[in-house]
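**Q** Dumping the structure here so I can ask a few things about it.
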Amino acid sequence: MALVQDCVIEDQEANKATFDMVKFKNVLFSNTSLTGIELTDVIFEKCDLSNIDFSGAIIHRTEFRDCKMMGMNLTDATLRNVVLNHCLADYANFRFSNMKQVIIQDSFLRKADFGYSKWLKVEFYQADIDQAQLSDIDLNGIDLSDCAFNGLGVNVENLRGCIITREQAYVFANLFGLIIKE
């Protein structure tokens, strides 16, 4: 039950560090690699996690609030009961991650890479995922209707059962070269 506040953590490298019941508030992580980190009951509030390496992380019951996460590396990460709220996570890398009960709300994930991830109960509310890579993700039952995007990287076979708006259907039609005549 620690509070880490108003500081800079830079040039740090650790493998398989564990944080349990810690709150990071207004912390800048610079040139930091925390591969295989395990986070349980952790809150990041107004932190800058841009370009941090969390590859292979195991993240449980963790919330990111008002955080800058540009280019954050979460490759091969496991996320359970995680919330991203009011975050800027453009270019974040979630490739090959396993996400269950993840909520992404009021956040920007433009050009983020989720390719080859496994999703179960991933929910989006007012999220901008323009140009995000969703290749080889089973989107059956995933509701993207509250997301903003002009294009996505997707596989046709993975779209079955995905929930979208009528306007978004036009975007997908254009992605597949269809011409819609009105």
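**Q** Under a GNM of the chain (C-alpha, springs under 10 Å), which listed residue has the highest mean-square fluctuation: GLY141, GLY71, GLY115?
**A** For the chain, modelled as a Gaussian network with Cα springs under 10 Å, the answer is GLY141.
**Q** What aspartates and glutamates does LYS100 reach when the alpha-carbon gap must be under 15 Å and sequence neighbours fewer than 8 apart in one chain are set aside?
**A** GLU63, ASP76, GLU123, ASP138, ASP143
**Q** Relative contact order, percent, of the chain when contacts are C-alpha pairs under 8 Å separated by at least 6 residues?
**A** 11
**Q** How large is the translational diffusion coefficient of segment 2-134 in µm² per second when you combine the Kirkwood radius over alpha carbon pairs with Stokes-Einstein at 37 °C and 0.692 mPa s?
**A** 230
**Q** I'd like the Karplus ³J(HN,Hα) series for segment 74-88: coefficients 6.51, -1.76, 1.60, θ = phi - 60°, whole numbers in Hz, and an x wherever there's a Gly or Pro.
**A** 10, 4, 6, 7, 10, 10, 10, 6, 10, 10, 10, 10, 6, 10, 10
**Q** Mean separation of Cα pairs under 8 Å and 6+ residues apart, divided by the residue count of segment 26-73: what relative contact order is that in percent?
**A** 42
**Q** If you don't mind, there's one more thing I want to ask. For segment 93-169, how big is Rg over Rh, using alpha carbon atoms and the Kirkwood form of Rh?
**A** Here the Rg-to-Rh quotient is 0.90.
**Q** Moving on. Counting only C-alpha contacts under 8 Å and six or more residues apart, can you give the relative contact order of segment 81-149 as a whole percent?
**A** Worked out over segment 81-149, it gives 29 percent.
**Q** Can you put MET70, MET1, MET21, MET99 in order of Cβ neighbours within 10 angstrom, beginning with the fewest?
**A** Listing MET70, MET1, MET21, MET99 from fewest to most nearby Cβ atoms yields MET1, MET21, MET70, MET99.
Read-outs throughout are calculated quantities, based only on the coordinates presented, and are distinct from any laboratory measurement. In this text, all values refer to a predicted model and were calculated from it rather than measured experimentally. Don't worry about glycine lacking a Cβ; one is built from the backbone with ideal geometry, like all the others, and counts go over all protein chains shown.
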